[in-house]
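Heads up: the structure comes next, in structure tokens.
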Amino acid sequence: MPWASWASWLSPFPVAGIIVNLNFANTPLRQLCSTLSMLCLLLWIGIILRLSRYRHGLALAMVLVVLLSTPPGYGHSLAGVGEHGDTQANFADDLQLVGYRFDRPAYHPGDTLEVTLFWLGLRPADRDYKVFVHLRDAGDTRTVAQHDGQPVYGFTPTTRIEAGEILADTHVLPLAKDLAPGAYQLVTGLYDQQTMLNLPISGSSQVLPTNRLSLAPVEILPGSAN
């Protein structure tokens, strides 16, 4: 058929060997777009055949048919890239952090640290919480880099996360050029924007005071980024 009525995203999850298989069902909007695409395809074929009296015109038309009739696929490998780990941290029975990934364990001052958190929805939250990812010194006395925001670049408020839904939530932390070399730790959590209080965490042994979750150590190397 010209367009598949569904698309599938099959990807290895970066923890515990879990396989995530997402199927995108057909929708009225998708059917309309498929119909419009087919009409455009037929129009192009007609134009090509009308303007060309040679066999290569028909061949080009057939290539267009093959390209435009290929079912759209969605795939992105989440495993085997950088440092990753699993966690079963439960945040107020609304969300569970089931894993995380960052591109490497060591950085230079001036680098950019990118962290992806993998959230599992347990139930729709009754308010929109913000996620924070902080880089703290080894003694947990100060924050040297941070990013706060709603999940998925602010496009997925926690009130819209359904039970069973899995999100890949990326946060980017620019590191200062004068950041001192040494050992640091990544810390994350969720907080209520009205009260500014962090959500309680259960199910993990890595919980820090004031309801923060320690993810992984990070080393800052001497010298600036290339």
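Key figures for this structure:
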item: Residue in region 104-118 that is farther than 30 Å from S224 by Cα and at pLDDT 55 or above present; result: yes
item: Pair list, Cβ under 6 Å, 6 or more apart: region 148-163 residue under 18 Å from N90 (Cα atoms) and touching a residue at least 24 places away in the same chain (Cβ under 8 Å), other residue small (G, A, S) and part of a loop (DSSP other than H, G, I, E, B); result: T158/A125; T159/A125
item: Region 152-199, subset β-branched (V, I, T) and assigned to a loop (DSSP other than H, G, I, E, B), residue surrounded by the fewest Cβ atoms within 10 Å (Cβ to Cβ); result: T195
item: Flag for P109 being assigned to a loop (DSSP other than H, G, I, E, B), in the same structural domain as L208 (by TED's automatic domain parsing) and within 17 Å of the chain's Cα centre (by Cα); result: no
item: Check on L199, under 29 Å from D111 (Cβ atoms), in the same structural domain as G99 (by TED's automatic domain parsing) and of a type in the set (A, V, I, L, M); result: no
item: Test for V133: is it in contact (Cβ under 8 Å) with a residue 40 or more places away in the chain, crowded, with 17+ Cβ neighbours inside 10 Å and within 24 Å of D192 (Cβ to Cβ); result: yes
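The values are calculated or read from the model by the stated rules, or taken from the named source; none is laboratory data. In this text the structure is predicted, and so the values were computed from the model without any measurement. For neighbour counting, all protein chains shown are included, and Cβ atoms are generated from backbone atoms with ideal geometry for every residue, glycine included.
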